[in-house]
Structure formats: C-alpha cells, structure tokens
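The next block holds one structure in the form of structure tokens; read it before the comments.
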Amino acid sequence: MSLNEEVELLRKIPLFAKIEPSKLKLLAFTSERLTYQGGQRLFQQGDVGDAAYIIIDGVASVRIRTDGGEIQVAELGKGDVVGEIAILCDVPRTASVEATSKLITLRITKELFFRLISEFPQISIEIMRELAARLERTNVQLREALSR
Amino acid sequence: MESTIYRFILRYSKREQVVLLAMTLISFPFLYYSLDLPKRIVNDALGAKGKTEFPVTFLGTEFHQLEYLWTLSGLFLALVFINGGFKYWINVYRGRLGELMLRRLRYELYARILRFPIPHFRRVSQGEIIPIVTQEVEPLGGFIGDSISLPAFQGGTLITILFFMFVQDPILGLAAIALSPVQAYVVPKMQRRVNALGKQRVKAVRVMSDRIGESISGVQEIHAHNLARLMLARFSAQLGVIYDIRFEIYRRKFIIKFLNNFIAQLTPFFFYAIGGYLAIKGELTLGALVAVLAAYKDLSAPWKELLSYYQRKEDARIKYEQVIDQFDLPDMMAEETQLAEPEMPQPLDGELRASNLGLVDDDGDVQFEGVSLTASPGTHLALFGPGGGGNEPLAMTIARLNHPTSGRVTVGQADLHTLPEAITGRRMAYVGPATYVFSSTIRENLLLGAMHRPTGPARDDPEVKAALENAALAANSTDDPEGPWIDAQVIGDGPDLVARLIDDLSLVELDADCYGLGLRGTIDPDGRPEIAERILSARQSFAERLADDPHLVDLVEPFSADRYNTNATVAENLLFGTPVGAAFQPEVIAAHPYVRRTLESVDLIGDLLQMGRDVASTMVELFADLPSDHEFFGQFSFISPDDLPEFQALLTRVERVGLDGVSEEDRARLLSLPFKLIPARHRLGMLDDDMQARILEARAAFARDLPEDLHASVAFFSVDAYNAAASLQDNILFGKIAYGQADSVARVGAVIGSVLDDLDLRATVIEVGLDFEVGISGAKLSAVQRQKIGIARALLRRPDIFVLNDAAATFDASAQRRLVSATLRAMEGRTVIWSTQRPDIARLFPTIAVMRGGRLVETGAPADLDREGRVFHEIAAQS
C-alpha cells in the first residue's frame, strides 16, 4: 500500500476527516507502518505509552488482565485508533493489544500526535467526541451492571 | 643526568667529536693553499710583478706562461673540490652526530617521565612536559653536532685567513681585526640580555601549551558554562606575554646584527685606504691586495658563523639547564627498579604485611598514619572507609603507586617498595577508579597485562635489524616493538589464549558488548579464511531458518542478483555491493561519471530525473511549512531545510522550461534524490515494476562494464562469497532487515544469535569484537566498558595480589556486586584488596578493614562489624 492509499484511509477516519490532505500525507510519511503477525502485541498493559496506532488492515483484540486471567474486552478493525489515551494523559497502558491475525498498523509517535492536536483543533474536538462517547458507553454499562 | 650540555657532549660523543676535530684540522692546509693560489696566479702566471721568467720550474716540471696559468687554475679548481668535499663530509658527519644525540636525549627524557614519582604528575601538566621533549630539545641536537667542530672549523678558517693576511702584510692583518675587540666586548653583553629573555620565552610558551591542553581536556565545561570568552581572554593575555618577549628579543638581536654588519662593512674601508696606499707606494704587490680582499670576503662568512654559534651556544646552554630542571627530580625511581629483569621469576605469595604505614602528602596533610595490617596469601579483604577515610591512598600505597612517608609494606621478606617492577608489575595488579585504555584494539588493551618484555627474538628482517642497530647507537631501546611480547607462560597462546580472553570478558560481563561489536566488525577473509567460511555457513543456516518459519520469513529481504530489493536504496540496488572508499558512497554516487554513463547506456537518466522531480515536489509539499529546526527534517526529509527553498525554485524552473531545459547543475541536484529512495520505507509509490526491472538492467551493466581501476571501489554481493567490506552481521543477513515488521531488529538479532550458537560461532564473533578499535583513550567505549577492560586486563594474568581502588564505582549497584563476586571467585586462593566506600560491597568480603580519619579503626568479618557499637555499622547507617 502506498502513501496515497494510506492518506485515503486516514481521511475516512473521523478523527482525521477534517485535516487537509497534505498534512495527512506528512502524518503518513513520518509514521512507521508496522506489520504484526498473529499473537504479537502492539503493547502491553502497564507499559509506558509512547505511540498511538491506526489499524490499516487486519483485526486486533484489546485485552485486560483480571483476577481470573486476561480477557478480551474489545475487537479492533480497519480504521480504528488505539493507544491514544496513554499518550494523552501520561498514564500506563490501560490494556494490552494483540494482533489476532496478520495486522498492519500506522504507528504515530507521541510527539507527532501532540503536534497534530495543537495544530488542528478539529482533531481535539474529534478526540473529545470520541472520549465522551466512550464515557457514555461506560456509564451505560455501569448502570446496567448496577441494576442487575 | 649531566649537569651541563658540555658534560653531556663529552660523555656521549667524545670519540665522534675527536674525529670531527681531526678532519677539520686536516682540512686547513688545503684551505690555506687555496687562499695562497690566487696570489701566485696574479703575481707569477700573469706576471703582475713583471719579474717572472718563463719557463718556470714548478713541482719539478718546467712550464711556459700559458701552461703555467692553466696548471695553476686547474690546481685552484681541484682545491675548490677538495675544500667542498671536506665541508660536505664534515657536515654530514656532524648532522648524523647531532641527530643521534637528539635521539639519545629525547629517549632519556621519555625514560625519565616513566620514572617520575607518580605524585609529581599532580604538579606538572602534559602541556608543560610534552613540548620539552618534542620541540624544545630539537635545537640541542643540532648544537651538539656543531658544538666542537663548528667553532674549530670556523675559528680555524678565520685564523687561517687572518694568518694569511698577516703573512701578506701585518698592517693589513691588523686592520682586519682592529674592530674585533669592540665586538668581543659589546656583543656578549647584549647577548646576555637576549639569553635571559630566551629563558622567559621558553617558560611562557610552556604556559601557553598548558593553557591549550587544559582547554582541550575541559572543553565540555567550556561549552556547558559558556566559558569561551574567558578562555579566549586568558589565552590572548598569554599570547601578549609571548609577543612582548619575542619582540624584545627580536629588537635586541637586530641591534647585535646591525653592529656586526656595521663593523664588517667598516673593515674594507681600511683595506682600500691602507692597502691602496701601500700598493701605490710599492710596499705591497697588487696580487697580495687582491688576495687579501678575496680573503676578507671569505672572512665574513666564518665570522658570522662564529657569532651565530655563540648565540646558539647560549641558547642551548639555557635550554639544557631548563630541561634538566624539569627532568632531574630528586626522588625518581631508579632505572634498575623499572627495567631490571630478575634472575628467577619470583612469586609474591608470602604474607602481605603493612607495618606502621603512613603517608603525608606534599601539602603536609596526613592521608593515613599508623596503619598495620596483615593479609595471608588468599585473603580477600575490603578496605572500607567513608570519603577521606584514607582507604584510597592506602590501597594505592599497597599497590606501590604512592611511596609511604613512614613504615613499610612487605610481602614475605621483601620490601614491596624496593622490589623491581618486573616483580610487582607482573605478580601484582592494580585497577583504579578510572582505568586508562590505550588507543588500540580491545584485544591489545587486554593483552597489555602480559606484555612486560620481549618473549622472543626480534623479527627476522634486515630493515628491522638495521633499525635496532641504529637505536643502539643512540642508546635507545633495542627491543622490537612489533616482535613477540605476549608472555605465553603467563597467559597461554593461540586458541587457548583466545578462550581465556573470552572467559575473562564474560567474567566482567563484557562478552555481550564484544559480541555486538563483533557483529558490526569486519574481518579480512584472506587473513582469517576459516572465520569467513564459517560465517558463510551461518549465512546459509540463517536463510534456511527464515525461509522455514512463516513468522520470520518477512523479516529479512535477501539479496538476489536478479531481484530488486525493496528494502534497499536505489543506490544499493544499482551497486549491488558495498562501496569501498569514496567513489560510490551514497552521497556522491549519483555524480560519479561511470554511474552516469551506465545509466545513460540503459536509458534511465530521463526516468530518474522525473523521479527526482517527483521526490523534490513531494518533499517540498510535505516539509515546506515546517520550521527549519524541526526534527522531521533529520529523520525523514531527503532535502535539508537549508536546501528546501532552492529546490522550490528549482521546481519552478523545471515547470517553466521542462526537465531537458534546466542547467546541468540542476539536473545533478535532481538526479541525486531518487538514489536515496527505499520503496518499502518511503512508500511513495514511485518505483513500479517496470522501473525496478530497468534498474536491474543497469545493475547488470554496471558490474559488466566496470573499468579495471574501479574494481577496488565496490565489493559486490555474491551469495557464496564473503564480503570483506561488509560487517559480520551484514554477511550473515545477506539482505536487508525489512521495514515495517514489528520488532524486527530484535527478532533478527535473536535468530542470528541462535544460528551462531548452533554453529558454535559466538566465541568467534566475540573474538572479532576484540579487534574493535577503541578510539583515543578508549573514547568509543563507555566509562563502564573501559573499567571492565581494566579489570579484565589485570585478571588475565591472575596476579598473586590484586588491589582495586573503587574500581567499579561507575557501575550500577547490582552490576558492582556481581563484578565483585565474579572477581573473588576468579581470584580464589589469591589475595584481593578492594578499597570501597560502599558498605554493601564491603559486606561481600570475608574480612573488612575499616578506615576512618586516616586510621585503621577495626578489622573483622562483616557479621561481627555489622552490629550496634561498631564503626562499620555506624558509617554504613549514615550512607
């Protein structure tokens, strides 16, 4: 997949939809494209976060350690962004992410990510929207759990 | 050392000086005769006196006038040759003598530096000592050659000429020397002042070199604290001092010169006046006057030489005295102590005993006093103390690096401080807090621990033999530095030695570092064919390992002569080899005429130019808005931020006139860009299959038509040949680590490691790592690595007594503990004395001697000392 195709893909992701193509191209050019084999991990719960990942192709599972062992809490696919929380608020990785099968990602370093946010307020808004949506989802889950 | 330079000359060059003097004396009659001959020609042959009757009898033969003239002229010519020959022979002999003496002097000074008492190096700096040996003594050598023969020759010449003048006419002779007394009185007086200034100048220059040396050593502080301005001001002040002195010398020297010249010019006045008067009166022949005038012309040369000799003599005398001042120290080590070989190797396996030992430093501060301790062979003792406790200087004293001011250290019956270094330096070892690593390979730095003396004859080479014989003439060392030095009896040789080195490295945990250096290192496959062969088998195993495992297969893209490697640059794909030397380096390959011709022959230039334009416009698009100091430029851009505006302008030009229309310079700029392109990394989508196929075509043409003189500039890739220009790792990989594979470098490293282990090659790689050049003072290694080399160097010969002084302080705590334990294991049954400030290190030893305030306060096992009420416990609790 060439740079231009990556740019096309990035444009379809809500987070980046409003950024001009030349900036997306820079984002793609300066980000490493990484291929993982099934079973390899992008990162481990508890690690220090240094990058976020955009999934270009393949499926990954998000896993959290519990007392009863590790469980899968979500599945990610093409176009999903993962790992941005740890670099946004400097907390250790809250979950592990593992490639389910062959997985291709674009790795955006912390430095680049912050640069994008400071330059393009649209991205901040998108991230806020995404975080709010997640919070809402969590609240729903919490209510459901409590009402049970 | 001899107290004056004349003593030195007499002691070391008496015979040569006598030979020179004799030759000089023999030359004088010829000189005299060559002066006399012109008179004879003018007076007799030309008949200036008008009374010669031909034929004349000369040397038993009769001559007519013309024949007589030819004969005398021929004789004159012969004398010119003879005099010239004497001069040449004497000059060469003198020059050789001077060089020999200079060599001897320098060697003596260097040998003395090696015998300086160690505390002396705290008082003198490199900057002071180095210029003495390198520059200041240089004129001394020349002077020594001249010292006796030059005044004899020039003085003799002078006297010969004067004698000749007196013989011609006493009055003219008197006229010639009339002003000499004035010169003889005034000139030395003025010279004395110049000499004093010369002394000052030498000192001032030493201070200057010291300043420079200090600035180089402290360059980090200068940058970190913005001290450049202060340093420049200080340096400038010193230059000012030197300027003033030099100018004053210059001025005075020229006054002397002026005086000499003036007097020399004045003398002919007397000749013309008095001599002319006498000739007119008929009391002097015209021939004699001509001869005297000719002789006087010859007179000024030796006179000048003598005067300058006098100045040089004074210079040399002062320099020599100043050198002696610096190098004749009262408490220097005796030469025998340093160099004498004991008749029998003498182990130091007796009881080590320090009795009432004390050390007071130069400033009168007590470092430690009244220390008495004993260590039976095999003792492992920690010398523990807080900073300033005295354990450090005590350890150095036991290691013989300090001379105690009271008490003594004995091993068995022998006083340690009087034993020759041949015993202490072989049976004892010392490692301080900052080991010095010499600018050489790791291997040699380790082996230095067992290179005490030549262990065999010098190389069997006539050149080497001649060089050593020459060295003997100047009383230099006659050991062959490139001959065998490694003491096989102590540390083994051949494969055993390598195994032992590697064992030692793993002991100090330097083996992994050396393994890494080895993988990045190169070998000469002709010199080490067995290694090259085994690396080739590793290449094969590695390729098979990758090919067999679907998870690994994508990690490396192997080189293949007929496939484009998408993880390599265009330049690498074209070259299909490793550049050797400057010709095909990535930065310049695009401009190389042969590369251009090759590309033209396959009609690629146009396409590459288009690619260059596309790359340039992409770069301009991506990076134009970034500030020029942005890190992306360094990491990702093909074009540096400074060049970006130029490329912008270039692209505009291309837009206007097309690629064919722009200047050759612009084309060269564009052409250089695509060579850096790596499809798998940059993903610009510019190298389609067709383009790749054509670059492969160019690759084939490049190799096929490569001119003879460029063969050495590239080491081509070949699957079954070792590539001498590439590292071991690249030879094993024989391909490129693929971009975009997660964690690829570490995973490839692991596969290489396991392949090497399977083939039992890890030790070989470590051995290659041993040949890593460590840089100046080991600058390419970390402080910890240097320290590890120091400890491994000492351990290599398993000394009877091993003294360590905070030797692992730069290590992290757990590495320090591991190192101590490993060292103690390796030194089982031998004595170890380890000075440390860290209680956790001290606790690793069966016995701890605790120092405080320069006194030994308690000794015991850790369990005994680590209790309430003991000093060790108290100090440990504070730290």
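The values are calculated or read from the model by the stated rules, or taken from the named source; none is laboratory data. On a predicted model such as this, the values are computed, not experimentally measured, just so you know. Positions of Cβ are generated from backbone atoms using ideal geometry, with glycine treated the same way; all protein chains shown enter the neighbour counts. We work out accessible area using only protein heavy atoms, side chains counted, and drop any ligands, DNA or RNA first. Shrake-Rupley method; radii C 1.70, N 1.55, O 1.52, S 1.80 Å.
In table form, for the structure just shown:
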{"item": "Amide proton proximity set for B:Val714, modelled H, under 5 Å, gap of 5+", "result": "B:Val580"}
{"item": "Most mobile of A:Val82, A:Val59, A:Val91 in a GNM of chain A (Cα contacts under 10 Å)", "result": "A:Val91"}
{"item": "Anisotropy class of the stretch B:57-108 from Cα gyration tensor, a/c 1.5 cut", "result": "prolate"}
{"item": "Solvent-accessible heavy-atom area per residue, rounded to whole Å², over the stretch A:3-147 at 1.4 Å", "result": "50"}
{"item": "Accessible area (Å², per residue) of chain B, counting only protein heavy atoms and a probe of 1.4 Å", "result": "49"}
{"item": "B:Asp629/A:Ala132 FRET efficiency (R0 30 Å; Cβ-Cβ; nearest 0.05)", "result": "0.25"}
{"item": "Shielding by partners, peptide B:679-687 (average Cβ within 10 angstrom, other chains)", "result": "3"}
{"item": "Stretch gain in nm, segment B:Ser617-B:Arg96, where the contour uses 0.36 nm per residue and the Cα spacing is subtracted", "result": "180.7 nm"}
{"item": "Between the stretch B:57-116 and the stretch A:77-126, the alpha-carbon center distance in angstrom", "result": "89"}
{"item": "Shape category assigned to chain B from the gyration tensor of Cα positions, a/c cut at 1.5", "result": "oblate"}
{"item": "Length-normalised contact order of chain B in % [C-alpha pairs under 8 Å, at least 6 apart]", "result": "18"}
{"item": "Two-site label geometry, B:Phe438 and B:Asp660: point separation in nm, points 7 Å out along Cα→Cβ", "result": "6.6"}
{"item": "Two-site FRET efficiency, A:Glu111 against A:Val91, from Cβ-Cβ distance with R₀ of 22 Å, rounded to 0.05", "result": "0.80"}
{"item": "Loop trypsin sites (Lys or Arg not before Pro), the stretch B:379-473, which have at most 16 other Cβ atoms in a 10 Å radius of their Cβ (DSSP)", "result": "B:Arg459"}
{"item": "Separation of the B:Leu286 and B:Ala561 label points, Cα + 7 Å toward Cβ, nm", "result": "9.4"}
{"item": "Angle between chain B longest axis and helix B:605-623 axis [Cα atoms, degrees, rounded to 10]", "result": "70"}
{"item": "Heavy-atom accessible surface of the protein assembly as shown: percent carbon and sulfur, 1.4 Å", "result": "55"}
{"item": "DSSP beta bridges in chain B [antiparallel fraction, %, rounded to 5]", "result": "60"}
{"item": "Separation of alpha-carbon centers, the stretch B:164-183 and the stretch B:805-879, rounded to whole Å", "result": "86"}
{"item": "Spin-label model distance (nm) - B:Ala822 vs B:Ile605, 7 Å beyond Cα toward Cβ", "result": "6.0"}
{"item": "Additional length obtainable on full extension of the chain from B:Met1 to B:Arg704, 0.36 nm per residue less Cα span", "result": "246.2 nm"}
{"item": "In Hz, Karplus ³J(HN,Hα) per residue of the stretch B:495-505 (6.51, -1.76, 1.60; θ = phi - 60°; x = Gly, Pro)", "result": "x, 4, 5, 4, 4, 5, 4, 5, 4, 4, 4"}
{"item": "Expected 222 nm ellipticity per residue - DSSP helices of 4 or more, -39500 (n - 2.57), all of chain B, to 500", "result": "-18500 deg cm²/dmol"}
{"item": "Mean Cβ neighbour count within 10 Å, used as a protection proxy, ranking B:661-672, B:514-525 highest first", "result": "B:514-525, B:661-672"}
{"item": "Buried on assembly, the stretch B:725-774 (at least 40 Å² less accessible surface than by itself, 1.4 Å probe)", "result": "B:Gly740, B:Gln741, B:Ala742"}
{"item": "Separation between Cα centres of the stretch B:650-674 and the stretch B:390-424, rounded to whole Å", "result": "75"}
{"item": "Contact surface A-B: accessible area buried, both sides summed, square angstrom, 1.4 angstrom probe", "result": "2000"}
{"item": "Those trypsin sites (Lys or Arg not before Pro) in the stretch B:782-879 that DSSP places in a loop and that have at most 12 other beta carbons within 10 Å", "result": "B:Arg867"}
{"item": "DSSP-defined antiparallel bridges as percent of all bridges, the protein assembly as shown, nearest 5", "result": "75"}
{"item": "Pairs beyond 24 Å (Cα-Cα), from A:Lys78/A:Lys102; B:Lys39/B:Lys257; B:Lys87/B:Lys257; B:Lys189/B:Lys304; A:Lys78/B:Lys676; A:Lys25/A:Lys78", "result": "B:Lys39/B:Lys257; B:Lys87/B:Lys257; A:Lys78/B:Lys676"}
{"item": "Loop-resident sites, the stretch B:512-605, for GluC sites (Glu not before Pro), counting at most 14 other Cβ within 10 Å (DSSP)", "result": "B:Glu587"}
